[in-house]
Amino acid sequence: MKMMVFTGFPGFIATRLMETSAEKGVTLAAIVLASEMEAAKTAAGRIEKQTGCGSIRLLAGDITKPGLALSGEDTQYLQDRELVFWHLAAIYDLAVPEAIARKVNIEGTGHVNDFVKSLKGLKRYMYFSTAYVAGAREGIIREDELIRPEAFKNHYEETKFEAELLVDKLKGELPVTIIRPGIVRGHSKSGETSKFDGPYFFLNMIDRMKHMPVIPYIGHSKATINVVPVDYILEASVYLSLLDEAAGATVHLTDPNPHPVEEVYRAMVHEMTGTYPKGHLPKKLAALSMSIPMVRKYLSVEAETLDYMDWQAKFDTQRAQALLQESDIKCADFLETMPAMVAFYKEHRADKNYQVPIT
């Protein structure tokens, strides 16, 4: 079995991917920032104990530097092995400042690309992008397209688009698979997640408004929202990393059957409060309110969240579904599994370790 090497550990998805890979008997290594090394050692120890896998090798490094700032010994260690290289390290915050996003997401990916090109035993390069490289494009977004939109909703989207361009150019010379996840939520069955961002911002807002006489809808929207459970991302990604036919592919790991935003919001309000939303707060008024730092912090919502509520786009998943056809891997329905998500949120909402700092 090949070795798998990860950037982005001990982040939530990288950690869970390593757990999933360890359960399949894969040898593991991770390139870890010095500032994250203690947390990485703890997470690696837990994975080793939980799965019974061998020792996970942690390599001190930094993707924002040439050669990933690896020691000569660690570089040679990777050169001497057949491996699947997973690049997940990135700034995922929707409110990230441009300079930081460019340094990590674009320049960092450039350094990783240069490094993987030097690996003689590279069997696959798995790059985690995002479905939202589509920016402000609307209509059907296809997997085989990488079209620069007229605008992006935030620096996260723009820098991930630029980074994906760099990786996509390698397809002619390396066995590349690009993963474009939708908005990731916790495990479909346990509800477990590592932080309350993305769709959890809506839960934060509903939780803060639960004492109001009524909770309104935010604007009027006929759009769908694409939220996927992390277990689907994990199972599908690991499967594709070992599937020869996935080399050279870009796939949307998005929900093939997304629900309308208002339907999702209605279900969230009901799960959180036992009541249903009534009336509509104009989106412009909500956006104006969110422009006030005190309001954002009280509601614990990033202002950029509102940009996804009325975005008219649908993600094509034909390539992903074709590649997964021989597996039993399916995307769990959001509404059917929402109770687990909300139950986990309610259990941990007071724990500040799960909450994302709002600027």
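The values are calculated or read from the model by the stated rules, or taken from the named source; none is laboratory data. Fair warning: this is a prediction, and the values are worked out from it, not measured in the lab. Because the Cβ atoms are built from the backbone with ideal geometry, glycine has one as well, and the counts that use them run over all protein chains shown. Just the protein is used for accessible areas: all its heavy atoms, side chains included, with ligands, DNA and RNA removed. Shrake-Rupley method; radii C 1.70, N 1.55, O 1.52, S 1.80 Å.
Between the alpha-carbon centers of region 321-359 and region 238-261, tell me the distance in whole angstrom.
17 Å
Within 10 Å of each candidate Cβ there may be at most 16 other Cβ atoms; applying that plus a DSSP loop requirement, which GluC sites (Glu not before Pro) in region 73-138 survive?
Taking region 73-138 and a limit of 16 other Cβ atoms within 10 Å, the loop GluC sites (Glu not before Pro) found are GLU82, GLU138.
Taking the radius of gyration and the Kirkwood hydrodynamic radius from Cα positions alone, what is the Rg/Rh ratio for region 80-188, to two decimal places?
On the way: Rg = 14.3 Å, Rh = 14.6 Å.
A ratio of 0.98.
Give me the 1.4 Å probe accessible area per residue for region 262-333, excluding ligands and nucleic acids, in Å². Can you show the working numbers first?
Values: 4020 Å² over 72 residues.
I get 56 Å² per residue for region 262-333.
Within straight cross-link reach of LYS49, meaning Cα distance under 26 Å, which lysines are found once same-chain residues fewer than 8 apart are removed?
The reachable lysines, counting only those whose Cα sits under 26 Å from LYS49, are LYS2, LYS24, LYS41, LYS189, LYS195.
What is the packing order of peptides 245-252, 11-18, 256-263, taking the mean over residues of other C-beta atoms within 10 Å and listing the highest first? All intermediate terms of the calculation are to be shown ahead of the outcome.
Details: 245-252: 19.9, 11-18: 22.6, 256-263: 17.1.
Listed from highest to lowest mean packing, they are 11-18, 245-252, 256-263.
What distance in nm separates the two pseudo spin-label positions at GLU38 and LYS330, each 7 Å out from Cα along the beta-carbon direction?
4.6 nm
If only Cα atoms are counted, what is the Rg of region 210-252, and what is its Dmax, in Å?
Radius of gyration, then largest Cα-Cα span, for region 210-252: 18.8, 56 Å.
What's the carbon and sulfur percent of the chain's accessible surface, probe 1.4 angstrom, rounded to a whole number?
Carbon and sulfur together cover 52 percent of it.
Quick one: which residues, 5+ away or cross-chain, put their amide H under 5 Å from the amide H of PHE315? H built at 1.01 Å from N.
ILE141
Just how large is the dipole of region 1-85 about the Cα centre, in debye to the nearest 20, putting +1 at every Lys and Arg Cβ and -1 at every Asp and Glu Cβ? Can you show the working numbers first?
Details: 9 positive and 10 negative charges, 42 e Å.
That gives region 1-85 a dipole magnitude of about 200 debye.
Size of the dipole of the chain about the Cα centre, Lys and Arg at +1 and Asp and Glu at -1 on the beta carbon, nothing else charged, in debye to 20? Walk me through the numbers before you get to the answer.
Details: 41 positive and 47 negative charges, 133 e Å.
Using Cβ point charges on Lys, Arg, Asp and Glu, the chain gives about 640 debye.
Show which aspartates and glutamates lie in cross-link reach of LYS346 when reach means a straight Cα distance below 18 angstrom and same-chain residues fewer than eight apart are skipped.
The reachable aspartates and glutamates, counting only those whose Cα sits under 18 Å from LYS346, are GLU192, ASP197, ASP207, GLU271, GLU336.
Just the accessible area for ARG137, please: 1.4 Å probe, Å², rounded to the nearest 10?
Near enough 40 Å² of accessible area.
Ordering LYS284, LYS314 by how much accessible area each has at a 1.4 Å probe, largest first, what is the list?
Values: LYS284 180, LYS314 115 Å².
Putting LYS284, LYS314 in descending order of accessible area: LYS284, LYS314.
Rounded to the nearest 5, what % of DSSP beta bridges with both residues in the chain are antiparallel?
Details: 2 of 36 bridges.
Bridges in the chain that DSSP calls antiparallel: roughly 5 percent.
In what order, largest first, do VAL112, VAL295 sit by accessible area if the probe radius is 1.4 Å? Before the final figure, lay out each step's value.
Details: VAL112 0, VAL295 40 Å².
The residues order as VAL295, VAL112, largest area first.
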